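Input: a single structure, listed below in structure tokens.
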Amino acid sequence: MSHFSYKDGDGELNRVPVTYGDMTRFGASMLKDGSDAVLSTVPKMAVYITALEIDRQRTSDSTFVSKVNIREREFDSTTNQYTNREGRNYTVERLMPTPYNLSMNVDIWTSNTDQKLQLLEQILVLFNPSMEIQTTDNFIDWTSLTVVDLETVNFSSRTVGGGGTETEIDIATLSFKTPIYISAPVKVKRLNVIHTIITSIFNESKGNVEAGETMPEMLAYASDHAYKNDTLSRPVIDEDGNVTYETDYIYGSRQEHDTVSWATTFNNYGLQVLNGEAKLIDTERTGLITWREWIQRHAKPNCYIPNMTELKLYRNDYETEISGTISINPNDEYILDVNWDQDTLPSDTILTGPTGDKTKINYIINPLVTNPQDMKEPGLRLLLLNESIGAGKNFDGADGWKNDDGTDFVAGENDIVEWNGSKWFVVFRASAYQEKEPVFVTNLYTGVQYKFDDGEWLLSYDGEYINGTWRIAF
């Protein structure tokens, strides 16, 4: 009802103000400019609701849900413009709205008949017999279109007769009726990509189908609902004394299984995790695809948020997932820097030694290759890998491993030893460890955590992850 105007005696057009509200004390006060001592200025219009009734003829199935799939255009935050590429996808679920009939009155306050006729001429010509309106430009809103019907016109509030004219203000009332809908909130779901496909592979040549002996066991429906990594990564020391690792299957080759669940992920990339960094493995090699390329192919724009998006690892030897926030290395986009959530990692085991309780080691060495003389300081702890040092039957052991009193030191392969300032001690003897729980220690030099399990040292969570046992949680 806004944007209507009238021509005054000077021939100038003046817009007529519109006030929403019926003739309550507040509405009357607004029309009189907040004071009874001030005469009301006219023309004015007041709009107010007179009735709201449910429309039984338009009611439909209240359980009906309409689903609309929406695809946005990609938004470039650097240019603040939309591109021609596809952006985020959503599904909007809309519940069936409830129909009502809304009745409204419009009071036109004028001081003379000429003002009234000017305004009525502009308004009444729009209703022949009704006017279609759109309440919103949101194309998802299926209740935005409706019609407004002009029901009745009360031309004047004045009466002719003995009452006389107590006021110069005349009120013409137009009554309208429009069908509306009241809608419940919609449910907006963001469409995500399929990151893992579980496929059951089993040997049909063995067993009896009728007896159910070859039915596959789907790990996707197991109690933990996760397909997990079944590879082991063992630390090894090369000829130069550098610590690397080798990978093997926990249960041997996949081809040896009669019933196996395979997991397939995007382009079947594996993952190499080491020293807080992750690299993609393609055809058993790293450095073939950058993380930015992988994210652009795998996820929608703006899904990757540095230091908030998470990498999740799934292992058979851990009940819970291992996770950490990620960011693409700015100097090498083949590397993904990972900040591991310490609450998802195993806790280091406390090992008691001559200088106190500790959970860390300083270095991993081959005792036959590395001379510890240059490392010696009180509290130094070393993990002996690949070889043992000394023997009980030796009369004169290696000088580099002698104690300050000249006595020989004897330690076995996989032991952890400590120097107290004058003598070597074994703080963890691998050959004597019979507990079921693994022992966890972290190498202070590299930051890599190791565990001793089933008679050997393994990388706790670092190493290689086959496709389907890791994912980026966008």
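Before we move on, is Ile350 among the β-branched types (Val, Ile, Thr), surrounded by 18 or more Cβ atoms within 10 Å (Cβ to Cβ) and either over 49 Å from the mean Cα position of the chain (by Cα) or closer than 21 Å to Ser431 by Cα (or both)?
Working: among the β-branched types (Val, Ile, Thr): yes; surrounded by 18 or more Cβ atoms within 10 Å (Cβ to Cβ): no; either over 49 Å from the mean Cα position of the chain (by Cα) or closer than 21 Å to Ser431 by Cα (or both): yes.
No: the conditions fail for Ile350.
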Exercise for the section: Among the residues of the range 292-343, count how many are surrounded by fewer than 16 Cβ atoms within 10 Å (Cβ to Cβ) and assigned to a helix (DSSP H, G or I). Expected result: 6
Problem - Selection count, the range 415-452, where residues are surrounded by 18 or more Cβ atoms within 10 Å (Cβ to Cβ) and charged (D, E, K, R) - result: 3
Handout entry: The lone exception for Glu121 - which of (1) surrounded by fewer than 14 Cβ atoms within 10 Å (Cβ to Cβ); (2) within 54 Å of the chain's Cα centre (by Cα) it fails
Key = (2)
Handout entry: Contacts under 6 angstrom Cβ, first residue in the range 97-108 being assigned to a strand (DSSP E or B), partner among the basic types (Lys, Arg), 6 or more apart
Key = Pro99/Arg58; Ser103/Lys177
Handout entry: Which numbered condition Gly397 misses (of (1) out of contact with any strand residue (DSSP E or B) (no Cβ under 7 Å at 6 or more places or on another chain); (2) modelled with pLDDT of 85 or more)
Key = (2)
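Quick one: is Glu53 outside any loop (DSSP other than H, G, I, E, B), in contact (Cβ under 8 Å) with a residue 60 or more places away in the chain, in contact with a strand residue (DSSP E or B) (Cβ under 9 Å, 6 or more places away or on another chain) and not aromatic (Phe, Trp, Tyr)?
Working: outside any loop (DSSP other than H, G, I, E, B): yes; in contact (Cβ under 8 Å) with a residue 60 or more places away in the chain: no; in contact with a strand residue (DSSP E or B) (Cβ under 9 Å, 6 or more places away or on another chain): yes; not aromatic (Phe, Trp, Tyr): yes.
Judged against the criteria, Glu53 is not a match.
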Problem - Top-ranked residue in the range 361-405 [being surrounded by 13 or more Cβ atoms within 10 Å (Cβ to Cβ) and among the basic types (Lys, Arg); ranked as nearest to Lys423 (Cα to Cα)] - result: Lys402
Fill in the blank from the handout: Residue pairs qualifying under the 9 Å Cβ cut-off, at least six apart or on distinct chains, with the first in the range 395-420 being within 15 Å of Arg381 (Cα to Cα) and the second being of a type in the set (Asp, Glu) and surrounded by fewer than 19 Cβ atoms within 10 Å (Cβ to Cβ), are Trp401/Asp408; Glu413/Glu387; Asn414/Glu456; Trp419/Glu377
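The values are calculated or read from the model by the stated rules, or taken from the named source; none is laboratory data. Predicted model, so just to flag it, every value in this text is computed and none were measured. Every residue, glycine among them, receives a Cβ derived from its backbone with ideal geometry; neighbour counts consider all protein chains shown.
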